[in-house]
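Read the figures in this text as sums done on the coordinates, not as results from a lab. What you are looking at is a predicted structure, and each value in this text was computed from that prediction instead of being measured. Positions of Cβ are backbone-derived with ideal geometry, glycine not excepted, and every protein chain shown enters the neighbour counts.
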């Protein structure tokens, strides 16, 4: 794919600006050096819009680390000499994405609390430094730089939108630090400095399309999404899949993050002959969309919507009556009936309240902290290079099912689930993949996707 976009990070005494221009793609993990970032599928204005044990299983007792994480110039400010180690959380605790990201922050704190209660990592207690990304990619990049340079954290956990991830990517590559990113995304990216614990395209979006085609017989599809990199790139992949599989795209609409007036879009949708909708809206725009969808007389039976950014936490905000019966594509639901998940759900509710629900992104965030713990203990070190070298094959009995880190691309194996929203607001799986799916972020195993991955470095 021709790279027609850039992510520009200006870093010195502090990060002063990030420019995100339109396009898609990413950098592949290199064994010796991480490639530079590619960028987002939208313009600069859009990109800056106010946009669990699960026990770690056989924990290894290892002598304390002898190295700290290092920056690109070989220096480090990560302090491993005491009985604590700093890690950073950066999530949107304000702005349009707070409806989704607060629960991720909660699950990270739960994991840290459990890990500390079990003895910490390499004998050190976790000390949390927390920052608010404020639903703004520029702020995410600034906060990431602060966590690395000023707070001297060994690793950072967080981000949600692809715009926020792509804004932070060059910061972590330049400063040679580690980001653990917990949310499903559009693929076509990998970096030696990011571990992706959410799904890539072949683990979520493609199973969703397969379900629409094979289980529902959909041949005419409408696309609706937020106007930034994840929906734009995901829809390019959906259109390529559709062309190869006899599905006609009868409409494609985008709305800015935080947009609340969907009357025109829903009118177009209703007037189309679409049999289903693939929804990549993010944040609280989903509330307005599904209310307008119901007001227009559309139903899950007549024109089902499959969503990839609506989990249990969002259902309550949207209103159960507005979304009951609709479909989602994820890799975790609270209703998964396994001992590991039951333990996780019970722990989360015990900490945050019986009325709280668990969801895919927060589970992936919870898992990310345990994976970092296992990598550090396997390496016997907090050093970035040692963790990168130790990552491949690290396996964790997660609430979603067993996950394994793939060292060649820093993604993890994940089981795919298609779910339906129940009347109690929970989501129940109606289809499950045959075990964990190996991550293929560049869709190299799909002939129809050859043009998408072309040219990606």
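By the equivalent-ellipsoid construction on the alpha carbon gyration tensor, segment 193-301 comes out with semi-axes of 22, 19, 12 Å, ordered largest to smallest. When the Cα atoms of segment 130-225 are aligned to their principal axes, the ranges along those axes come out at 54, 24, 19 Å in descending order.
The distance from the alpha carbon centre of segment 92-135 to that of segment 168-212 is 19 Å, rounded to a whole number.
Mean projection of the Cα convex hull over all viewing directions, computed for segment 68-165: 6.4 nm². For the pair residue 79 and residue 301, the difference between a 0.36 nm per residue extended length and the Cα-Cα distance amounts to 74.2 nm.
Each of 96, 233 was scored by other Cβ atoms within 10 Å of its Cβ. Arranged with the fewest first, they read 96, 233. Computed with the Debye formula from one identical point scatterer per Cα of segment 299-457, without solvent, the log10 of I(q)/I(0) at q = 0.13, 0.14, 0.20, 0.21 Å⁻¹ comes to -0.74, -0.83, -1.25, -1.30.
Here the extension length gained between residue 271 and residue 385 equals 35.5 nm, from 0.36 nm per residue of separation less the Cα-Cα distance. Taking other C-beta atoms within 10 Å as the exposure proxy, 97, 303 rank 303, 97 from fewest upward.
The simple spin-label model puts a point 7 Å past each Cα toward its Cβ; for residue 448 and residue 94 those points are separated by 4.4 nm.
Computed from label points 7 Å out along Cα-Cβ, the spacing between residue 243 and residue 113 is 5.0 nm. Using only the Cα atoms of segment 362-456, each taken as one equal point scatterer with no solvent, compute I(q) by the Debye sum, divide by I(0), and report log10 of the ratio at q = 0.19, 0.23 Å⁻¹. Values returned for q = 0.19, 0.23 Å⁻¹ are -0.99, -1.14. Put a dot 7 Å past the Cα of residue 424, heading toward its Cβ, do the same for residue 395, and the two dots end up 3.2 nm apart. The ranking of 433, 307 from fewest to most other beta carbons within 10 Å of each one's beta carbon is 433, 307. Calculated FRET efficiency, residue 342 to residue 434, Cβ-Cβ distance, R0 = 25 Å: about 0.60 to the nearest 0.05.
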